[in-house]
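The values are calculated or read from the model by the stated rules, or taken from the named source; none is laboratory data. Because the structure is a prediction, the values reported are computed rather than measured. Methodologically, a virtual Cβ is constructed for each residue, glycine included, from the backbone with ideal geometry; neighbour enumeration extends over all protein chains shown.
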Amino acid sequence: MKIAHLREKIDKIDQHILTLLNSRLLVAKEIGQIKQKLDQPIRNTAREKELIKTLCQYNKGPVSNENLKRIFSEIILASIQLQEKQAESSFP
């Protein structure tokens, strides 16, 4: 198989990852709206730890758990930042 063909496959996978990431962030945005109405804090470190622990248990590689933790920590951070931005924009 040629490198160009493999890179095309990676490009398609990356586009799919991007679509899923944006879908995840839209759901996080909805959660942020609910948290705001219920006057709950944006950050839930217990939930974050549980999510990462569960993902590491499901991980069959080749991504290492350490890299998985870093990747999902960034995804969680993006969700938190989106919720914070949303909360800031809702204040008069």
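Quick one: is K60 at negative phi, among the basic types (K, R) and either touching a helix residue (DSSP H, G or I) at 6+ places or on another chain (Cβ under 8 Å) or not in a loop (DSSP other than H, G, I, E, B) (or both)?
Details: at negative phi: yes; among the basic types (K, R): yes; either touching a helix residue (DSSP H, G or I) at 6+ places or on another chain (Cβ under 8 Å) or not in a loop (DSSP other than H, G, I, E, B) (or both): no.
No; evaluated as a whole, the condition is false for this residue.
Any idea which residue in the stretch 48-92 is farthest from the chain's Cα centre (by Cα), counting only those that are among the aromatic types (F, W, Y) and modelled with pLDDT of 95 or more? Steps first, answer last, please.
Of all residues in the stretch 48-92, those among the aromatic types (F, W, Y) come to 58, 72, 91.
Now narrow it down to the ones that are modelled with pLDDT of 95 or more: 58, 72.
On the way: Y58: 16, F72: 6 Å.
That would be Y58.
Looking at the stretch 33-62 only, could you name the residues that are of a type in the set (V, I, T), free of Cβ contacts under 8 Å to residues at least 40 places away in the same chain and surrounded by 14 or more Cβ atoms within 10 Å (Cβ to Cβ)? So that I can check it myself, show each step before the final result.
First, pick out the residues of the stretch 33-62 that are of a type in the set (V, I, T): 34, 42, 45, 52, 54.
Imposing the further condition that a residue be free of Cβ contacts under 8 Å to residues at least 40 places away in the same chain reduces the set to 34, 45, 52, 54.
Hit for the stretch 33-62 is I52, nothing else.
Among I80, I71, I52, which is under 17 Å from L26 (Cβ atoms), of a type in the set (V, I, T) and part of a helix (DSSP H, G or I)? Spell out how you get there, then give the answer.
Working: I71 fails: under 17 Å from L26 (Cβ atoms); I52 fails: under 17 Å from L26 (Cβ atoms).
None of the others qualify; the one that does is I80.
From the list E66, E48, which residue is in contact with a helix residue (DSSP H, G or I) (Cβ under 8 Å, 6 or more places away or on another chain) and acidic (D, E)?
Numbers: E66 fails: in contact with a helix residue (DSSP H, G or I) (Cβ under 8 Å, 6 or more places away or on another chain).
Only one candidate passes the filter, namely E48.
Under the condition of being surrounded by 14 or more Cβ atoms within 10 Å (Cβ to Cβ) and small (G, A, S), which residue from the stretch 23-32 is nearest to Q83 (Cα to Cα)?
Among them, the one singled out is G32.
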